[in-house]
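*Asks:* Okay, handing you the structure first.
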Amino acid sequence: MNDTMVTTALTLPGYKVVRNLGVVRGITVRSRSIVGNFFGGLQSLFGGNITIYTTLCEQARVDTYGLMCRHGRQLGANAIISMRYDATDLMAGLTEVLCYGTAVVVEPSSE
């Protein structure tokens, strides 16, 4: 399964779903380090993009996306539809990031 077979849409253009394998997910829990909080605090004094937190968030999304795709492949999926991200603060400085979707088997549409 490559990235072109993962979509936030309910369908995959040019393909038809022949089997629904259920929900797949990837989850990670991240915390900011003391050093990261220090530098993030310094960056926030000047405003704008706080790159240390941006990097942390992007890495969490990359990790959860990879875990979700691996879960889909383990079930035999060749595509994932309705993919979403969600994040929840579990406590101060601790965030859960979730990537989930519906694992499906698709084949090229004859239409």
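Here, each number is a calculation from the coordinates, and none is a lab measurement. In this text the structure is predicted, and so the values were computed from the model without any measurement. Using ideal geometry, Cβ is built from the backbone for each residue, glycine included, and neighbour counts are taken over all protein chains shown.
*Asks:* Any idea what % of Cα-Cα pairs in the stretch 51-103 are farther than 15 Å?
*Replies:* Everything past 15 Å amounts to 51 percent.
*Asks:* About its Cα centre, what dipole magnitude does the stretch 63-111 give when the only charges are +1 on Lys and Arg Cβ and -1 on Asp and Glu Cβ, stated in debye to the nearest 20?
*Replies:* With Lys and Arg at +1 and Asp and Glu at -1, about 140 debye.
*Asks:* Still on this structure: Skipping prolines and chain starts, which residues have an amide H placed within reach, meaning under 5 Å, of the one on M83, given they are 5 or more residues away or on another chain?
*Replies:* T7, T8, A9, T102
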